[in-house]
Amino acid sequence: MQALRRKLHQHPEIGLELPASQALIVKALSDLDADLILGQTCSSVIAVLTGSRPGPTVVLRADMDALPIQEAPGSEPRSLTENAMHACGHDLHSATLVGAATLLSSRTKEMSGRVVLVWQPGEEGYDGMQVMLDEGLMEVIGAEAVATYGLHVLADTFPHRVFSGRAGVSHATSATFQIKVSGVGGHAAFPHAAVDPVPAAAEIALGLQIRLTRTVNIFDPAVITVGSIHGGNAPNVIPESVVLAGTVRAFSQASANQLPDLVRSLAAGIALAHGVRAEVDYREGYPVVDNDKAEVDLLRGVVQDLLGTERFQELAVPIPAGDDYSRLMQLIPGAFFLVGAGIPDGNGRLHPNHSAGANFDDGVMGDGAAVLAAAALRRLSDNYRPDPLPR
């Protein structure tokens with residue numbers, strides 16, 4: 001797993017087309033008694049392990065893609081690709097799932113049913129799970145699917161090698177927007193002779209925060225972040241336009257439904273007040289990750305039985321990150337757990353996911369592979385019964 005993770009980290013790929021990553025995963029699976037299916041419209045990998053007796057199906061999932069980030073100096077391993085980095089730990093996820101596949105492949109005689117292992121590209125904003133579903137993932141999985149499990153590492157949020165999860169919503173919805181504010185360019189010394197889009201764009205960026213607090217119920221919160229603002233190329237030129245782009249998160253569909261009109265109406269109103277135009281492109285993203293209580297109980301029990309009770313920590317509240325694994329969990333009851341995996345830098349600081357300094361501990365992969373494999377075996381056991389007691 002460590003060797004595979006290092007290769008994936010050194011050669012990160014972004015989006016839906018990940019041919020090098022796909023080839024590395026296929027090679028790592030080549031000695032296993034598994035049926036492999038490769039994606040046609042994306043670089044996905046599916047491995048099917050079939051037990052010695054008929055039974056239900058369990059699905060295990062990992063994401064594969066990297067982010068467009070230039071890795072900070074000092075990390076080991078280090079990305080060899082300019083402006084691409086596994087800053088969210090997907091290299092660990094992919095290698096961990098290979099480890100789980102290896103463990104399960106040696107235990108198919110104990111299995112009643114099948115395990116379908118899914119390596120998915122394009123989680124970081126490309127909706128790769130939906131691409132796989134459109135390509136026929138559920139036809140491969142079949143009607144006998146009873147549960148799905150997944151793990152995600154975090155670099156700075158939880159104690160080291162501690163697992164966390166919760167029944168119900170654990171991750172937010174996600175959406176993205178772009179607002180193009182257009183005016184009339186001109187000389188910066190003569191603003192009265194132009195129609196300046198910059199003040200309007202600045203007011204929109206600030207106004208979104210105020211409007212959000214006056215629209216969304218504080219007990220059903222949402223987040224709006226403007227992540228980029230681009231306009232102009234010179235200090236003495238008023239640009240023709242300014243483009244703002246950002247993300248929107250919510251923890252319920254009710255809150256999420258209020259947000260497109262909030263962004264559009266605020267941008268239009270401020271633009272009108274400034275005499276400029278605002279064009280809004282609002283794109284719905286991933287739904288909430290909604291965890292099934294029985295599957296959370298099973299996965300929690302596996303963590304505690306294998307690793308000790310102190311290795312699980314209840315997730316008190318949902319996190320505002322989104323994940324397209326939610327699309328599969330809408331179709332199959334599942335549990336999605338988080339794992340503390342950060343390594344501090346030379347100053348003792350833990351850098352968060354999606355940052356250039358994010359660094360992860362390979363050691364969590366052994367725990368993760370064992371937990372995923374054991375969860376699948378427990379769920380497929382002829383003696384499986386939902387745990388009626390809280391742990």
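Counting only whole DSSP H helices of the chain, the ones at least 18 Å long by C-alpha along their axis and with mean Kyte-Doolittle hydropathy no lower than -1.0 are 90-105, 197-213, 253-274, 293-307, 364-380. Taking all protein chains together and a 1.4 Å probe, the residues 247, 309 rank 309, 247 from largest to smallest accessible area. Taking 302, 276, 131 in turn, the Gaussian network model of the chain (Cα-Cα springs below 10 Å) assigns the largest fluctuation to 276.
The slack in the chain from residue 347 to residue 230, taken as 0.36 nm per residue of separation less the alpha-carbon distance, amounts to 38.8 nm. For the stretch 221-265, the residues whose amide N sits under 17 Å from a probe point set 7 Å from the Cα of residue 214 along the beta carbon direction are 224, 259, 261-265.
For the stretch 205-331, a Kirkwood radius taken over Cα pairs fed into Stokes-Einstein (37 °C, viscosity 0.692 mPa s) yields D = 184 µm²/s. Computed with a 1.4 Å probe on the full set of protein chains, the accessible area for residue 79 sits at about 20 Å².
Starting from the Kirkwood Rh over alpha-carbon pairs, what translational D in µm² s⁻¹ does the chain have by Stokes-Einstein at 4 °C and 1.567 mPa s? Rounded, D is 58 µm²/s.
Which listed residue (226, 255, 358) has the Cα farthest towards the positive end of the charge dipole for the stretch 214-360, taking +1 on Lys and Arg C-beta and -1 on Asp and Glu C-beta about the Cα centre? Sorting the options by dipole projection puts first 226. Normalised by the number of residues in the stretch 30-170, the mean separation of alpha-carbon contacts (under 8 Å, six or more apart) gives a relative contact order of 36 percent. With every protein chain in place and a 1.4 angstrom probe, the accessible-area ranking of 300, 214, largest first, reads 214, 300. The calculated FRET efficiency for residue 178 paired with residue 317, based on their beta-carbon distance and R0 = 30 Å, is about 0.50. Which percent of the accessible area of the stretch 187-288 is formed by carbon and sulfur heavy atoms (probe 1.4 angstrom)? Solvent-exposed carbon and sulfur of the stretch 187-288 make up 59 percent of the total.
Considering the stretch 166-205 at the alpha-carbon level, its Rg and Dmax are found to be 18.7, 59 Å. Dipole orientation for the stretch 87-184: of the candidates 126, 176, 143, 143 has the Cα lying most toward the positive pole (charges on Cβ; Lys, Arg +1; Asp, Glu -1).
Computed over protein heavy atoms with a 1.4 Å probe, the accessible surface of the stretch 121-237 works out to 48 Å² per residue. Couplings for the stretch 357-362, taken from phi via the Karplus curve 6.51 cos²θ - 1.76 cosθ + 1.60 with θ = phi - 60°, read x, 4, 9, 10, 8, 4 Hz in order; Gly and Pro are left as x. Pair-distance distribution P(r) for the stretch 1-120, from all Cα-Cα distances in 10 Å bins starting at 0: 14, 44, 28, 11, 3, 0 percent.
The values are calculated or read from the model by the stated rules, or taken from the named source; none is laboratory data. Please read these numbers as outputs of a predicted model, since none were measured by experiment. So basically every Cβ, Gly included, is an ideal-geometry build from the backbone, and we count neighbours across all protein chains shown. Quick note on the areas: whole protein, heavy atoms, side chains included, nothing else; ligands and nucleic acids left out. Shrake-Rupley method; radii C 1.70, N 1.55, O 1.52, S 1.80 Å.
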